[in-house]
Every structure is written in C-alpha cells, then in structure tokens.
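Novice: Before we start, here is the structure in question, set down as structure tokens.
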Amino acid sequence: MLYIMRHGETDWNVKLKLQGHTDIPLNDNGRKMAKAAAEEYKDVHLDVCYCSPLIRARETAETVLEGRDVPIITDSRLQEMSFGEYEGKENIFAIPGCPINTLFLDPEKYIDPPGGAESLEHLFARTGEFLREIALPLVDEGKDVLIVGHGAMNSSIICQIRNTPIKDFWIAGLEKCKLMRLI
C-alpha cells in the first residue's frame, strides 16, 4: 500500500503565509494534530516512511510514528514546491497580480515567475522520480509506504498516481495530518 499525509499546522498556515522551502516548525496545534493522527492511525501497518526534510514534515512523521518500529527516511525530492521570492508573503490573494495565485486558482495556466519559484513541471519531475525509484518498487514488493509531505508536493504525487489532469491539481484536498491511501 502507498499512503500520503500532509504535515500539521504551522504559525505560517494560520497567518496564510506561503511556506514553500522555508523551514517552519509545527505550532502547538500542529503537534496536537500529529498526536491525534498517531492515535487514529496506530493500527495502520507501515513498513517505512519517507518524508520531506523540512521540519514541519519531519516532526509530523516522528510524532505520528512515535513508539513504532517504522524507519523515517528524508528525501529532498519530497520538499514543498518552492515559491521563490513569494515565500513568507501573507495572503497572496490580496496582492494584485501575484503570479502564484494562478497556481491555486487555475493551475493549468501557472507559469513559474522569476525569483526562484518552481514550475509544476519541475515539481512533477522530482516527485515522479521519487515514485519511480523508491515508492512504487517498494509497493510492488508488498511493502506499506507512508509519504509525509506538503500541500503542493502531495498534490503532485496524488495527480501522478491517479492520472489526474493539472486542471484538477488541488481536487484531492488533503487535510493536515489525515492519511490518504493512494494504492
């Protein structure tokens, strides 16, 4: 089986700030969410967990799997999508002409803006490489794999597994600290 989970809440989530590659920890509520997930999913068998190296994902994985004999392996291909110079900006929908808004409102038309933001093509390439090289071979061997990551990164994996078109990039709507079975 292949499962995916989004990290718990951070202060930047609450403030509607774009996080991307910025390494923001969970807040107290995010830690509570992860502890609740640990209890809710304690009977789900897992052989291995792969997670983003960013602290919000690592802390979520460590909390959810605390006391279980499940190795947690970080992989940089599972980092959140980079939003470049827009990381740390609050409420981007209030910023007239912010090019990142297109990613959320009409992903088919998103073009990565200058300033270090990542393209969807690059996001799909790196997460697809992870799926082909790591996750899917393990699933084919009968292993139960958990991926703990982020909103856009997780959506790219979900889209690839389910053959979802880019226009429906956000359709899965993965909530924080909720387990979703993909395969």
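Novice: S76 - would you say it is among the small types (G, A, S), buried (at least 18 other Cβ atoms within 10 Å of the Cβ) and within 26 Å of N163 (Cβ to Cβ)?
Specialist: no
Novice: Next question. Among the residues of segment 125-181, which ones are surrounded by 15 or more Cβ atoms within 10 Å (Cβ to Cβ), more than 20 Å from E59 (Cβ to Cβ), at pLDDT 95 or above and of a type in the set (G, A, S)?
Specialist: Scanning segment 125-181 gives G128, A135, S155, S156.
Novice: In the set L131, L138, L182, L123, which member is touching a residue at least 60 places away in the same chain (Cβ under 8 Å), at negative phi and in contact with a helix residue (DSSP H, G or I) (Cβ under 7 Å, 6 or more places away or on another chain)?
Specialist: On the way: L131 fails: touching a residue at least 60 places away in the same chain (Cβ under 8 Å); L138 fails: in contact with a helix residue (DSSP H, G or I) (Cβ under 7 Å, 6 or more places away or on another chain); L123 fails: touching a residue at least 60 places away in the same chain (Cβ under 8 Å).
Being touching a residue at least 60 places away in the same chain (Cβ under 8 Å), at negative phi and in contact with a helix residue (DSSP H, G or I) (Cβ under 7 Å, 6 or more places away or on another chain) holds for just one of L131, L138, L182, L123, which is L182.
Novice: State which residue is surrounded by the fewest Cβ atoms within 10 Å (Cβ to Cβ) when the search covers only segment 79-121 and only residues that are of a type in the set (A, V, I, L, M, F, W, C), under 25 Å from M5 (Cα atoms) and touching a Phe, Trp or Tyr at 6+ places or on another chain (Cβ under 8 Å). Spell out how you get there, then give the answer.
Specialist: Keep residues of segment 79-121 that are of a type in the set (A, V, I, L, M, F, W, C), which gives 81, 83, 92-95, 98, 100, 103-105, 111, 117, 120.
Within this subset, residues satisfying the condition of being under 25 Å from M5 (Cα atoms) are 81, 83, 92, 100, 103-105, 117, 120.
After this cut, where a residue has to be touching a Phe, Trp or Tyr at 6+ places or on another chain (Cβ under 8 Å) as well, the list is 92, 100, 103-104, 117, 120.
On the way: I92: 17, I100: 23, L103: 26, F104: 15, A117: 22, L120: 20.
Here the residue is F104.
Novice: Could I ask something else about it? Considering only segment 67-101, how many residues are assigned to a loop (DSSP other than H, G, I, E, B) and hydroxyl-bearing (S, T, Y)?
Specialist: 1
Novice: Among the numbered criteria (1) aliphatic (A, V, I, L, M); (2) more than 27 Å from R126 (Cα to Cα); (3) not in a helix (DSSP H, G or I), which single criterion is violated by A36?
Specialist: The failed condition is (3).
The values are calculated or read from the model by the stated rules, or taken from the named source; none is laboratory data. Predicted model, so just to flag it, every value in this text is computed and none were measured. A quick note on method: Cβ atoms are made from the backbone with ideal geometry, for glycine too, and the neighbour counts reach across all protein chains shown.
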